[in-house]
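*Asks:* Submitted below is the structure of interest, expressed as structure tokens.
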Amino acid sequence: MLSSNSGFQRLSQAALSRSRFLRLAAGALLPFVGLRPSAAAARNLEVAQNSGAPGTKDAAAPGRMGTILVSQFGPVKIHSYLSPADGFQVNTQMIEGPTAVVIFDGQLLLPYADEVASYVQTLGKPVDRIILSHAHTDHWGGLQILTERFPDARVFALDGIADQVRARGPARLDGLRRTYGDKAATKVTVPTETITEGLQRIDGVTYDFKRFVDAESDLQLAALLPEQKVLMAFDLVFSPNQHAFTGANHFDHWMIVLESLKALQVYDTITIGHDTPVDRSAIDSTMTYVKRAKEIHAASADAKTYSESLRAAFPNLQHAEWVDLSAKLLYASPR
Ligand SMILES: [Zn+2]
């Protein structure tokens with residue numbers, strides 16, 4: 001079912017070292033989360049244009065650094081670009097409808113946003129718009145490239161996201177440039193258009209946009225595709241195989257959000273922010289994780305104790321280095 005799984009396994013094994021990870025975290029990039037291969041739920045997944053071994057570079061883009069999966073749902077295709085480890089393996093989702101493409105999220109680093117743009121151009125359809133899911137830098141850092149290469153595509157986000165990007169963006173990019181040099185954006189790209197909640201049809205595809213607060217981030221979009229039964233959850237849901245990011249300290253409300261996602265019974269494919277698509281069981285596993293993390297947070301007096309306890313509670317999850325970042329952020333501010 002998931003011929004690409006081994007390709008993602010290979011990518012995940014290139015995870016950042018703990019020291020490099022903490023160095024990045026010290027740059028106060030953002031809360032971003034880990035990335036693990038998951039039991040992908042989407043049917044018809046394939047590595048884009050890849051007729052060879054799973055995860056290998058396709059002939060059309062022999063130098064491509066990221067990996068692309070394509071999920072087909074009748075006339076609609078979801079192309080998921082997953083960046084390499086130094087870009088925090090963040091997804092850009094490209095929804096290809098009959099005549100246009102809608103892009104969700106813009107990558108952390110410019111080279112990977114550039115790969116997204118080049119891939120979109122191979123689809124031969126104009127970019128209708130770009131939509132930013134939330135204000136964490138790993139999702140908007142590369143928007144500079146996308147807006148340069150698709151100058152007619154306006155950038156949308158929920159009301160409030162633009163203010164967050166405008167306020168925190170310059171400091172985030174300063175940190176990025178110290179670490180990544182010219183791979184990092186030179187300017188902050190602020191969304192100019194507001195997404196309203198509810199149903200919208202874009203290029204014949206029905207979206208149901210939803211606004212969530214106080215989960216993995218303070219403010220987060222989710223997009224339902226009811227005709228495709230796809231839930232685009234971004235960083236609300238994590239892979240069952242990896243640690244989740246808990247640095248925003250919204251344990252209780254995140255659980256409420258997850259309960260509301262769980263109530264959306266018909267959505268059996270879930271795309272997430274940092275990994276291949278998952279099935280509904282990932283909502284349960286994320287709830288288990290958040291619940292346990294809350295208990296450990298309540299019982300831990302300092303970051304070290306929190307981190308050690310959470311790692312011990314989930315010894316088989318990968319990307320334990322993310323726990324250190326969560327702990328650092330959780331205990332840096334008053335509880
Ligand atoms: Zn993220």
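*Asks:* When Lys and Arg each count +1 and Asp and Glu each count -1, what net charge do the other residues less than 13 Å away from LYS125, Cβ to Cβ, add up to?
*Replies:* -2
*Asks:* A further question on this structure: Of LYS77/LYS210; LYS291/LYS328; LYS229/LYS294, which pairs sit farther than 24 Å apart, going by alpha carbon to alpha carbon?
*Replies:* LYS229/LYS294, as the Cα separations exceed 24 Å there.
*Asks:* I want the local charge near PRO111. Using Cβ-Cβ distances under 10 Å, sum +1 for each Lys or Arg and -1 for each Asp or Glu among the other residues. Write out the running numbers ahead of the final one.
*Replies:* On the way: positive: LYS183; negative: ASP86, ASP114, GLU115, ASP182.
Computed value for this residue: -3.
*Asks:* Let me ask something additional. Once you charge only the Cβ atoms, +1 for Lys and Arg and -1 for Asp and Glu, what is the size of the charge dipole of the range 185-259 about its Cα centre, to the nearest 20 debye?
*Replies:* Numbers: 5 positive and 11 negative charges, 42 e Å.
Computed about the Cα centre, the dipole is about 200 debye.
*Asks:* Which of the peptides 220-226, 286-292, 108-114 is most tightly packed, and how do the rest follow, judged by the mean count of other Cβ atoms within 10 Å per residue? Spell out each step's value before the answer.
*Replies:* Values: 220-226: 21.7, 286-292: 19.1, 108-114: 24.4.
Put in order of decreasing packing, that is 108-114, 220-226, 286-292.
*Asks:* List the equivalent ellipsoid semi-axes of the range 155-247 in whole Å, largest first, each obtained as the square root of 5λ for an eigenvalue λ of the Cα gyration tensor.
*Replies:* Ellipsoid half-lengths, sorted descending, are 27, 18, 13 Å.
*Asks:* Express the carbon and sulfur contribution to the solvent-accessible surface of the range 77-234 as a percent, rounded to the nearest whole number, probe 1.4 angstrom.
*Replies:* That fraction is 46 percent.
The values are calculated or read from the model by the stated rules, or taken from the named source; none is laboratory data. Values in this document were obtained by computation on a predicted structure and should not be read as measured data. Heads up, the Cβs are rebuilt from the backbone with ideal geometry, glycines too, and the neighbour counts pull from every protein chain shown. Only protein heavy atoms, including side chains, enter the accessible area calculation; ligands, DNA and RNA are left aside. Shrake-Rupley method; radii C 1.70, N 1.55, O 1.52, S 1.80 Å.
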